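**Q** Take a look at this one; I'll ask things after.
The values are calculated or read from the model by the stated rules, or taken from the named source; none is laboratory data. Every value quoted in this text rests on a predicted model; they were computed, and no experiment measured them. Heads up, the Cβs are rebuilt from the backbone with ideal geometry, glycines too, and the neighbour counts pull from every protein chain shown.
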Amino acid sequence: MQVAAKLKYARISPQKCRLIADMVRGEPVGKALNTLRFTPKKGAELVLKVLESAIANAENNLSADVDELKVQTITIDAAPVLKRFAARAKGRGTRIWKRNSHIIVTVGDGKAE
């Protein structure tokens, strides 16, 4: 049994968010929640929100036991980039790329249906 939750267009670069995802991939959900709650990074808050949503989906939709769930996959994909310009010297401008992410968290108990 696998249950997923998505957060699309999160305002964080995929590179920064993948550092957080690597910390909790494959962990039991209790340990993953604890790790994310005490990690002082923006990506941790976003991944925590999606993980809690996936756990709630598993609990409410499939009546899964929360104690048996593990984080099976966390995928951080690139979303469309906001392109901006900043003023520079002598009338020039430089590009600023504000990168976005799609965060997909899948939890499961490791058993086939």
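**Q** So which residues in the range 8-33 are in contact with an Asp or Glu (Cβ under 9 Å, 6 or more places away or on another chain) and either of a type in the set (Asp, Glu) or under 18 Å from Val66 (Cα atoms) (or both), if there are any at all?
**A** Pro28, Val29, Gly30, Leu33
**Q** If you take the residues in the range 11-22 that are touching a Ser or Thr at 6+ places or on another chain (Cβ under 6 Å) and of a type in the set (A, V, I, L, M, F, W, C), which one is nearest to Thr75 (Cα to Cα)? Steps first, please.
**A** Kept after step one, since they are touching a Ser or Thr at 6+ places or on another chain (Cβ under 6 Å), are these residues of the range 11-22: 12, 14, 17.
Filter again for of a type in the set (A, V, I, L, M, F, W, C), leaving 12, 17.
Numbers: Ile12: 14, Cys17: 10 Å.
So, considering only residues that are touching a Ser or Thr at 6+ places or on another chain (Cβ under 6 Å) and of a type in the set (A, V, I, L, M, F, W, C), the one nearest to Thr75 (Cα to Cα) is Cys17.
**Q** If you don't mind, another one. Can you tell me which residues in the range 5-30 are part of a helix (DSSP H, G or I) and within 12 Å of the chain's Cα centre (by Cα)? First the steps, then the outcome.
**A** Residues of the range 5-30 that are part of a helix (DSSP H, G or I), as a first pass: 14-24, 29-30.
Pro14, Gln15, Lys16, Cys17, Arg18, Leu19, Ile20, Ala21, Asp22, Met23, Val24 - these are the residues of the range 5-30 that are part of a helix (DSSP H, G or I) and within 12 Å of the chain's Cα centre (by Cα).
One line per residue, one yes/no per condition, for (1) surrounded by fewer than 16 Cβ atoms within 10 Å (Cβ to Cβ); (2) in a helix (DSSP H, G or I); (3) modelled with pLDDT under 90:
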position	(1), (2), (3)
Val3	no, no, no
Ala32	no, yes, no
Glu52	yes, yes, no
Asp67	yes, yes, yes
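Per-residue answers, yes or no, for (1) over 14 Å from the mean Cα position of the chain (by Cα); (2) small (Gly, Ala, Ser):
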| site | (1), (2) |
| --- | --- |
| Phe38 | yes, no |
| Leu48 | no, no |
| Ala58 | yes, yes |
| Thr73 | no, no |
| Ala78 | no, yes |
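**Q** What tally of residues in the range 44-96 results from selecting those that are in contact (Cβ under 8 Å) with a residue 24 or more places away in the chain and among the hydroxyl-bearing types (Ser, Thr, Tyr)?
**A** 3
**Q** Kindly indicate whether Glu27 is in contact (Cβ under 8 Å) with a residue 40 or more places away in the chain, out of contact with any Lys or Arg (no Cβ under 6 Å at 6 or more places or on another chain) and over 15 Å from Val105 (Cα atoms). Full working, then the answer.
**A** Numbers: in contact (Cβ under 8 Å) with a residue 40 or more places away in the chain: yes; out of contact with any Lys or Arg (no Cβ under 6 Å at 6 or more places or on another chain): yes; over 15 Å from Val105 (Cα atoms): no.
No.
**Q** Kindly indicate whether Thr94 is under 21 Å from the mean Cα position of the chain (by Cα) and either surrounded by fewer than 17 Cβ atoms within 10 Å (Cβ to Cβ) or under 13 Å from Gln2 (Cβ atoms) (or both). Before you say what the answer is, go through the steps one by one.
**A** On the way: under 21 Å from the mean Cα position of the chain (by Cα): no; either surrounded by fewer than 17 Cβ atoms within 10 Å (Cβ to Cβ) or under 13 Å from Gln2 (Cβ atoms) (or both): yes.
Answer is no for this residue.
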